[in-house]
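J.: Got a structure for you, written out below as C-alpha cells; questions coming shortly.
The values are calculated or read from the model by the stated rules, or taken from the named source; none is laboratory data. These numbers come from a predicted model, not from an experiment. Quick reminder, even Gly has a Cβ in these numbers, built from the backbone with ideal geometry, and neighbours come from all protein chains shown. Just the protein is used for accessible areas: all its heavy atoms, side chains included, with ligands, DNA and RNA removed. Shrake-Rupley method; radii C 1.70, N 1.55, O 1.52, S 1.80 Å.
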Amino acid sequence: MARPRKPLLSTDRIVATARALVDAEGLAAVSTRRLAAELGVSGPSLYNHFRTKDQILEAVADAVSAQVDLSMFEDGRDWRTALHDWAVSYRAALRDHPNIVPVLARGPGRRPAGLRLADAVFGAMVDAGWPPAQATSIGALMRYFIMGSALGSFAGGFVDDETAYDPADYPHLGQAHLLSEQQEKIDERAFATGLAALLDGLSQQYEQMRRTA
C-alpha cells in the first residue's frame, strides 16, 4: 500500500483541532483521547508532537497570542496610540477565543508568540522614555485590563427577566433586565471607556515624568 503523501498529523493540525474544541466546549473538553478521535488517529500518535494535555493547551494559547497585531510598535506610532491599537487587537483575539484566557492569564512562560508580545510592549515603552520598571508595570496593567475584559460579559451577567430585580431590593436596577439585549454594544463601550481612562492616566504620568526629568 502506498504511503500517504501528507502525514496524518502535524503540530498545526493538532493545535487547530484543540483550539476548535476549546472554543466550542471549553478547556475540559481537551484530552488526548478526544483529540485522537477528532483527528481520526490513535492516541499514542499524538505523543510524537505533544507529551501532555498541558503542552497542547499551551500551544493553543500561543496560537491565539500570535493573532495579536504588533505592527503598531514598529511603524512609528507614538506610544499612546500604539498601546491603544495593540489593546484593541489583543482584546479582539481574546474575544474570539475566550475559553483559552485562563491559560493565557498564567503569563507567557516559554511560549514564543507570548514572549514576542511582551517584548514588543516593553521595548516600545522603554524606547518612548519610560523607565524599565514603569514599562514593566504598564505591560502588566494593560494585560490585567485586557484579559479581565475578556473573561466575561458585564451586560451578559444580568438576566432578561424584568421581575428578577425588585425595586424594593435593588432601587437602581430597574432597567437591568434590558442590558443583555445590548450586550456587545455595552461591553465594547465599557472597554473603550476604560482604555481611554487608562491611557489618559498614563499620559499624565508621562508628561509629569518629562517635566521633572
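J.: Between Asp127 and Leu8, how many nm apart are label points set 7 Å from Cα along the C-beta direction?
T.: The two pseudo-label positions are separated by 4.7 nm.
J.: Next up: Determine the share of region 68-212's accessible area contributed by carbon and sulfur atoms, expressed in whole percent, with a 1.4 angstrom probe.
T.: Values: 4410 of 8310 Å².
Heavy-atom surface of region 68-212 belonging to carbon and sulfur, 1.4 Å probe: 53 percent.
J.: Leaving out ligands and nucleic acids, and using a 1.4 Å probe, what accessible area per residue does region 11-62 come to in Å²? Mind dumping the intermediate values first?
T.: Working: 2690 Å² over 52 residues.
So region 11-62 comes to 52 Å² accessible per residue, rounded to a whole number.
J.: Keeping all protein chains in the complex and leaving out DNA, RNA and ligands, what accessible area do you get for Leu151 with a 1.4 Å probe, in Å² to the nearest 10?
T.: 120 Å²
J.: Once the cut-off is 12 Å, how many percent of the Cα-Cα pairs in region 11-62 end up in the long-distance tail? Intermediate results must be reported in sequence, preceding the final value.
T.: Values: 749 of 1326 pairs.
Beyond 12 Å sits 56 percent of the P(r) for region 11-62.
J.: Which of the GluC sites (Glu not before Pro) found in region 27-78 are in a DSSP loop and have at most 14 neighbouring Cβ atoms, other than their own, within 10 Å? List each step's numbers first, then the result.
T.: Numbers: sites: Glu38, Glu58, Glu74; in loops: Glu74.
Here the sparse-neighbourhood loop sites are Glu74.
J.: Sorted from largest to smallest, which semi-axis lengths in Å does the alpha carbon gyration tensor of region 58-109 give for its equivalent ellipsoid, taking the root of 5 times each eigenvalue?
T.: Numbers: eigenvalues 100, 23, 16 Å².
Result for region 58-109: semi-axes of 22, 11, 9 Å.
J.: Same structure, new question: Spin-label point model (7 Å from Cα, Cβ direction): what's the Ser203 to Asp160 distance in nm?
T.: About 3.8 nm separates the two model spin labels.
J.: If the chain between Gln183 and Arg106 were fully stretched, how many nm would it gain, using 0.36 nm times the residue separation less the Cα-Cα distance? Numbers along the way, then the final one.
T.: Details: separation 77, 0.36 × 77 = 27.72 nm, distance 2.73 nm.
Answer, rounded to one decimal: 25.0 nm.
J.: Still on this structure, I have one more. Return the equivalent ellipsoid semi-axes of the chain as a descending list in whole Å, where each equals the square root of 5 times an eigenvalue of the C-alpha gyration tensor.
T.: Numbers: eigenvalues 264, 170, 31 Å².
With the √(5λ) rule applied to the chain, the semi-axes are 36, 29, 12 Å.
J.: If R0 is 22 Å, what FRET efficiency do you get for Glu25 and Ala66 from their C-beta distance, rounded to 0.05? Mind dumping the intermediate values first?
T.: Values: r = 22 Å, r/R0 = 1.01.
It comes to 0.50.
J.: Express the accessible area of region 158-197 per residue in Å², computed with a 1.4 Å probe while the remaining protein chains stay in the model.
T.: Heavy-atom accessible area per residue stands at 72 Å².
J.: May I ask for the net charge around Glu38, where only other residues with Cβ less than 12 Å from the Cβ of Glu38 are counted and Lys, Arg are +1 while Asp, Glu are -1? Can you show the working numbers first?
T.: Working: positive: Arg13, Arg19, Arg33, Arg34; negative: Glu25.
Once positives and negatives cancel, what remains is +3.
J.: Carbon and sulfur atoms: what percent of the 1.4 Å accessible area of region 11-62 do they account for? List each step's numbers first, then the result.
T.: Numbers: 1290 of 2690 Å².
So the carbon and sulfur contribution to the accessible surface is 48 percent.
J.: Quick one: in region 91-213, what % of C-alpha pairs are over 23 Å apart?
T.: Values: 3622 of 7503 pairs.
Pairs farther apart than 23 Å: 48 percent.
J.: So between Gln55 and Ala92, what do we pick up on full extension, going 0.36 nm a residue minus the alpha carbon distance? If you can, show how the numbers build up before the last one.
T.: Working: separation 37, 0.36 × 37 = 13.32 nm, distance 2.40 nm.
Gain in length upon complete extension: 10.9 nm.
J.: Sum -39500 (n - 2.57) across every DSSP H segment of at least 4 residues in the chain, then divide by the residue count to get the 222 nm mean residue ellipticity, nearest 500.
T.: -19000 deg cm²/dmol
J.: As an exercise, identify the trypsin sites (Lys or Arg not before Pro) in region 1-100 lying in DSSP coil whose Cβ has no more than 11 other Cβ atoms within 10 Å. It would help to have the intermediate numbers written out before the result.
T.: Values: sites: Arg5, Arg13, Arg19, Arg33, Arg34, Arg51, Lys53, Arg77, Arg80, Arg91, Arg95; in loops: Arg5, Arg51, Arg77.
Qualifying residues, ordered by number: Arg5, Arg51.
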